[in-house]
Amino acid sequence: MKLTDIKGIGPKTGALFAKLHIETAEDLISYYPVHYDEYLPPVPAGDAVVGGRCAVEGRIARGVFRKVSGSKTIITTEIDDLTGKLHLIWYNAPYVGSLLKKGSVFIFRGTVTRRRNELYMEHPEIFTLHAYDEKIKTLSPVYGLTKGLTNNAVVKAVKGAFALVGAVPEYLPESVLEKYDLMGEEVASYKIHFPADKEEFIKARRRIAFDELFLFILAMRTLKARQGEDANAFPMKLTWDTEELIGSLPFALTHAQERTWQEIEADLSGSSRMSRLIQGDVGSGKTILAFLAMQMCASNGYQSALMAPTEVLARQHYEKLCALVEEHHIEGLHPVLLTGSLSASAKKKALALIADGSANAVIGTHALIEERVSYKALALVITDEQHRFGVCQREALSDKGGSPHMMVMSATPIPRTLGIVWYGDLAVSVIDELPGNRLPIRNCVVGPSYMPAALRFIKKEAEAGHQAYVICPMIESSDGVDAENVFDAAKKIRKELPGLTVGILHGRMKPAEKDAVMEAFRTGETTILVSTTVVEVGVDVPNATVMLVINAERFGLAQLHQLRGRVGRGSAQSYCIFMAGLESETVTKRMEILNRSNDGFEIAEKDFELRGPGDLLGIRQSGDAVFRLADPAFDRELMEKAGKLAAAVVGDSPSLEGENLNRVRQRLDRFMQESMRTITL
């Protein structure tokens, strides 16, 4: 249903929602809050946490003072108790002066800052004791916004979308809901937006995360069931070409790489079709193994295709493979690049080379699966990094080649036992060593007051010819979310470092815009890249030596580790600065884990131990990730249950035939369509 069918949404407001990739009422229902404003019991003035949003009960200790500064009217006062005092400031809020009187008691709610060792709260909300008591423990949704769109407008629109769409039929049997203690889908889809309290939020999130995991694993298993244990349609002989390349590399493969390569060789030359996951930490050397497999295909007279999630990453792989071919004088391996942004003539030439087999190492994006692409002898398909490729594009690309070998590369730190559930019976190879020639990244955990020093350090590295990433949790400022956003951060950095070129990257940009920004950074045209987490997907810029993550406490440890992996990829010493906006024991413990360890699997385990359901009030959402809510590193128990249910469903009917599976099949079809749509946004 069209978004403009919702009461109160006209073309102008619809255009604002379109900037958030929301075009239908159903899109809006799936546009989950990025956070919830939780009304917690008030704390004493001295216990207010710097950087955190909290409520403080206090008596007006002094008078209420009014001062005019230019166009601003500033009202100040302070409250105190036995634990300390808190300064309060309001701007252009004349009503405050008549509301507050010396000696009166209120509850003030806002974000606490520290100045000259004293606590301040700017523009706090004001509540009577009775009014605040009614709000304690309630949650209010906070959405990602764009300029011109308020949080209240989104709340109203979401409620209108539910009224328009109406009831959604449940696709899981009642017995399954009872067995796995799941809330009904219709209730969960509403309560994830408007939970009465944290307990209701946890139940709603659990149901939606379960659906995402179950449908993903079900898609993987139905694909596997349809393909079955295929015979090797492209049997290959072991070749000296790959051994000569390994011997001529300027570095030695790690033991883990050697072991994994032997497993790949055995698969390609065995009696059954390869279906293997290569799982390795950031920087562990998965790409060279992919190139070796592509060379083995070429030496046996076949073609291979490597599909990357972005044009920048595809071009990066292509240039690396071309350099490898040239530097090591590899005969018989002929790479070609195929992406959506190629000119018509370049694309026509590439398609002709692929069709007649002249190009036997094809690298590209989802352009590789377009209908007009025809392969002569596609024997190996490699998909890089992104989960959705494992479901939709992987199947579409395999259809191009008549049961080619399949290799999936991932840096997601999922334990081996869960990897089997996750990837639907793919054989799993784990590269659990990093190359010995990498300098360890130097880490530090700091507070917001370190920002000037961090910028001075970035300037110093830039003067030495290096580049830096600055990561923010938000795209734009949002009501009720006290976190840095890319636009404000970029503005501040440009002001403080006027001689340096600053780029902006975020998930709402069109693919061509993202690629242009990333390409400018990759080539050194941009010195500092201010971005959301979209950079965590495999982009390799060896000249980048600094990673500054602002509001680091808002990211999972596994995600922070992925971000850290964007630096330390060259010969120069690299640095990662985790800037936490909150001062708390839990935040300190989590950040120290990153300080002590560079092992992605260990970090994921520790993250799981420290986090609890309440920590998920900041919802994990990414324009590039397959899941809006589910977090594989956190939802291990749900993943196991979803895997068991998917196995049982496929075991009963691999094709999902039968009246009792109609709704499951329809829901899976919808999931697949949404997956395909999102990846092409």
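Worth a mention:
- Taking residues in region 444-469 that are touching a residue at least 24 places away in the same chain (Cβ under 8 Å), and partners anywhere that are aromatic (F, W, Y), the pairs with Cβ atoms closer than 8 Å and at least 6 places apart or on different chains are C444/Y575; C444/F578; V445/F578; V446/F578; F457/Y575; E461/Y575; Q467/F521.
- Filter pass, T77 being among the polar types (S, T, N, Q), within 30 Å of N117 (Cβ to Cβ) and either open to solvent by less than 60 Å² (accessible area, probe 1.4 Å) or within 38 Å of the chain's Cα centre (by Cα) (or both): yes
- Pairing each residue of region 496-509 that is under 16 Å from L145 (Cβ atoms) and surrounded by fewer than 16 Cβ atoms within 10 Å (Cβ to Cβ) with any residue that is of a type in the set (D, E) and modelled with pLDDT under 95, provided the two are 6+ apart or on different chains, yields no C-beta distance under 8 Å.
- Once region 99-115 is narrowed to residues that are basic (K, R) and closer than 15 Å to V50 by Cβ, the residue that is least open to solvent (accessible area, probe 1.4 Å) is R115.
- Filter result (part of a strand (DSSP E or B) and within 20 Å of L129 (Cα to Cα)) within region 38-76: E38, V43, R53, C54, A55, V56, E57, G58, R59, I60
- Note on region 186-200: residues that are over 20 Å from G144 (Cβ atoms), assigned to a helix (DSSP H, G or I) and open to solvent by 20 Å² or more (accessible area, probe 1.4 Å) amount to 5.
- Restricting P498, P452, P440 to those that are in contact with an Asp or Glu (Cβ under 8 Å, 6 or more places away or on another chain) and more than 30 Å from T339 (Cβ to Cβ) reduces the list to P452.
- On the stretch given as region 1-27, residues that are over 21 Å from G166 (Cβ atoms) and open to solvent by 60 Å² or more (accessible area, probe 1.4 Å) total 3.
- For region 573-596, the set of residues classified as open to solvent by less than 30 Å² (accessible area, probe 1.4 Å) and either at pLDDT 75 or above or in contact with a Pro (Cβ under 8 Å, 6 or more places away or on another chain) (or both) consists of S574, C576, I577, F578, M579, A580, G581, R590, M591, I593, L594, listed by residue number.
- Wholly within region 278-394, helices (runs of 4 or more DSSP H) carrying at least 2 residues that are surrounded by 23 or more Cβ atoms within 10 Å (Cβ to Cβ) and touching a residue at least 60 places away in the same chain (Cβ under 8 Å): 286-299, 311-327
- Here K203 meets the list (1) assigned to a loop (DSSP other than H, G, I, E, B); (2) under 26 Å from the mean Cα position of the chain (by Cα); (3) not small (G, A, S) almost entirely, failing just condition (1).
- Residue in region 535-550 that is open to solvent by less than 10 Å² (accessible area, probe 1.4 Å), touching a strand residue (DSSP E or B) at 6+ places or on another chain (Cβ under 9 Å) and modelled with pLDDT under 80 present: yes
- For region 239-273, the set of residues classified as aliphatic (A, V, I, L, M) and closer than 11 Å to M296 by Cβ consists of L245, I264, L268, listed by residue number.
The values are calculated or read from the model by the stated rules, or taken from the named source; none is laboratory data. Quick caveat, the model's predicted, so the values are computed rather than measured. All Cβ positions, glycine included, derive from the backbone under ideal geometry; neighbour counts span all protein chains shown. These area figures cover heavy atoms from the full protein model, side chains too; ligands, DNA and RNA do not enter into them. Shrake-Rupley method; radii C 1.70, N 1.55, O 1.52, S 1.80 Å.
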